[in-house]
Each structure stands twice: as structure tokens, then as C-alpha cells.
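Asks: For reference, the structure I am asking about is given below.
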Amino acid sequence: MMSLNMNIRLKEDKGVTLIELLIALVISGVLIAALYRTFIGQQKTYIVQDQVVDMQQNVRVAINKMMREIRMAGFGNFSNLLPLDAHNDPSNKFNNIINPSDNKNNVGQNDDQITIVGAFEQVSTLAAAAATGTNSILLNGNGSEFDTGYKKYICIGGLETHTVSNVTGNTITFNGNLINNYSVGAPVFKVKAITYRLRWDNDIPTMPVLAREDNTDGGGKSWALAENIENPQFTYLGANGVETAIPGDIRMVRLTVIARTSMSDPDFKGGVGGFRRRTIASNIQIRNMGVNP
């Protein structure tokens, strides 16, 4: 009796046919392909968004540094110091606080460059009072920040600048005499001529980078501030808001730069070479131009 019931149950059980198995495999394959396509699309979107965010952060950090230093151009009173020697060629001098170079074309883009002069970095303070008519000061350390070569320009109190003629420990002697009296603790600055320009990257020769060159401190050493920057343009405006080509009349610098993503996208048809780009523009008021201390 029990054997008969088992035989009946075995005959009633049904398996999966080959056709049903093939249909199930096809449906599963379609679902997996759809899921994979969705995953790849989302991954590509994430990568693109990550590159765009990185590009924007990269250029904004560089632009903010440029804006701070360009805004400070002329700080320190340069009436008795200009022109400044260029680091690599004594016959080449920076004659003005703002030295434009339009269409310099450093990387073949008709890109501009700019060199600004100012007391950008405080390095010490006075260890002793300094009286008008004297030509030496004593610093609270960091006398080695100056020399008679590249680092030969000094600003005292943000009010006057001089050319260093001798450095002995922390005692700095300079050409000319002080025109103001200074008390202990007065700030002392290094005067710099800083150039912002494009150049090709040292490791990736096809990648343009925005470089900062310190002509009077680092001996012309170039630091890359931002990668994948294209065609910086500088426009110079006078006090009346009209463009001017006279360096001494400049009161505002209008800066425009184009940043691009680090990788090209062959599916992106909206830009040359498949790069996504952002244009950033800023107006920079030169606070110290035309101001007498």
C-alpha cells in the first residue's frame, strides 16, 4: 500500500522543461544587462560630477590666491624703489607695480600674464626702535630672509621700501635712509615681484598649468597653482572704469580664466577635445594704487 502511494506521487511530480529553462535564462540575462547598464551609467555620471567638482575647487583655490595678491599690489610705497631687477636678467626690470603682458602666448593660447610688485610677506618685526635718517635696522630674527641678491628688497612698517646693501646676522643695512620713525615691534616685509602665467606641466607636457613665479625671493622658482587651466585673460581698468594701457593708471584688474576637467569624455560633444570647461571671471580692486601713505 505504501509503495503504491509513492509511485503515484512520483508520477504526479513535474520538472522544468528545456524551453522554460531557456526562457528563464533569457529573462535573467535581460534583467542583468539592464542592471549593468544602469550601474555603468551611474558610475560614469559620478566620475563626471567628481571631475567637475575637482575642477571647480582646483581653479577657485588658485583664483583666490591670485586675487589676494593682486589686490595687495603696491602695498609698501614704492616711490623710491622701482624699477626692480628681474631674477634671470638684470637688464630686464619690473618698472611698475603692475606689469601687464598681453598675448604672451606661453602655451599657444594667446594667454596673458601679469607681474605684480608688493610687500606681500611679513617676515619679522623690529627688535629696536629706528629713527628717521638712519640706514639700518635690527630684526627680531629672520635676518636670513634677506640678502643682496634675489632677496634684496625690504619694506619697513608698510610705509617705505629700500634695497638691502648688507646683512649681518639680524642687522639689515640698506641704501638710502629711513624717512619715518619706527618703534619696537614695527612689522618688516619682504618685497616681491610675482608673475602669474601659464606653462606646461613638468610631468605631463600636454597639460597647461597656472604657475606662480617668485622673481625676487625664490629666484624665479615656479609653483603650479592649478592644473588644466586655459587662456587666462587680464583686462585693466582705470579709476573711471575705462580700459587703460598705462600701468600707473590701473585701478582694477578683470581676470578671466577657463578651467577644464582632467580627463576628456569621448561621448561629450559640447567641448573641444571632449573636455568639460568652466569660465570664471572676477574684478579685482587694487587698493594701493594711487594711495600715498
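Asks: Working only within the range 4-52, note down all residues that are exposed (fewer than 10 other Cβ atoms within 10 Å of the Cβ), of a type in the set (A, V, I, L, M, F, W, C) and modelled with pLDDT of 70 or more.
Replies: Correct list: Val16, Leu18, Ile19.
Asks: Could you list, in sequence order, all residues of the range 102-131 that are farther than 20 Å from Tyr236 by Cα, β-branched (Val, Ile, Thr) and in contact with an Asp or Glu (Cβ under 9 Å, 6 or more places away or on another chain)?
Replies: Val107, Val123, listed by residue number.
Asks: To continue, here is another question. Every residue in the range 110-138 that is assigned to a loop (DSSP other than H, G, I, E, B) and over 18 Å from the mean Cα position of the chain (by Cα), please.
Replies: Result: Asn110, Ala127, Ala128, Ala129, Ala131, Thr132, Gly133, Thr134, Asn135.
Asks: Out of everything in the range 142-156 that is assigned to a loop (DSSP other than H, G, I, E, B) and either at pLDDT 95 or above or within 26 Å of the chain's Cα centre (by Cα) (or both), what residue ends up being surrounded by the most Cβ atoms within 10 Å (Cβ to Cβ)?
Replies: Phe146
Asks: Filter the range 157-176 down to residues that are of a type in the set (Gly, Ala, Ser) and under 20 Å from Ala193 (Cβ atoms) and give me whichever is surrounded by the most Cβ atoms within 10 Å (Cβ to Cβ). Spell out how you get there, then give the answer.
Replies: Initial filter on the range 157-176 (of a type in the set (Gly, Ala, Ser)): 157-158, 165, 169, 176.
Imposing the further condition that a residue be under 20 Å from Ala193 (Cβ atoms) reduces the set to 158, 165, 176.
Values: Gly158: 17, Ser165: 14, Gly176: 13.
Across the range 157-176, the extreme among qualifying residues is Gly158.
Asks: Among the candidates Ala128, Ala186, Ala193, single out the residue that is farther than 17 Å from Phe75 by Cα and either in contact with a Leu (Cβ under 7 Å, 6 or more places away or on another chain) or crowded, with 17+ Cβ neighbours inside 10 Å (or both).
Replies: One residue alone meets the criteria, Ala128.
Asks: Next question, about the same structure. Has the range 183-190 got any residue that is out of contact with any Cys (no Cβ under 9 Å at 6 or more places or on another chain), touching a residue at least 24 places away in the same chain (Cβ under 8 Å) and in a strand (DSSP E or B)?
Replies: no
Asks: State the number of residues belonging to the range 256-293 that are part of a strand (DSSP E or B) and touching a Phe, Trp or Tyr at 6+ places or on another chain (Cβ under 6 Å). Walk me through how you get there before you give the answer.
Replies: Our first condition is that a residue be part of a strand (DSSP E or B); within the range 256-293, this holds for 256-260, 277-285.
Retained after the next criterion (residues that are touching a Phe, Trp or Tyr at 6+ places or on another chain (Cβ under 6 Å)): 260.
So the count comes out to 1.
Asks: Of all residues in the range 80-105, which are free of Cβ contacts under 8 Å to residues at least 24 places away in the same chain and part of a loop (DSSP other than H, G, I, E, B)?
Replies: Within the range 80-105, Pro83, Asp89, Pro90, Ser91, Asn92, Asn103, Asn105 meet the criteria.
Asks: In the range 249-287, how many are surrounded by 16 or more Cβ atoms within 10 Å (Cβ to Cβ), within 30 Å of Met72 (Cα to Cα), over 20 Å from the mean Cα position of the chain (by Cα) and modelled with pLDDT under 90?
Replies: 0
The values are calculated or read from the model by the stated rules, or taken from the named source; none is laboratory data. Note that this is a predicted model, so its numbers are computed, not measured. Positions of Cβ are backbone-derived with ideal geometry, glycine not excepted, and every protein chain shown enters the neighbour counts.
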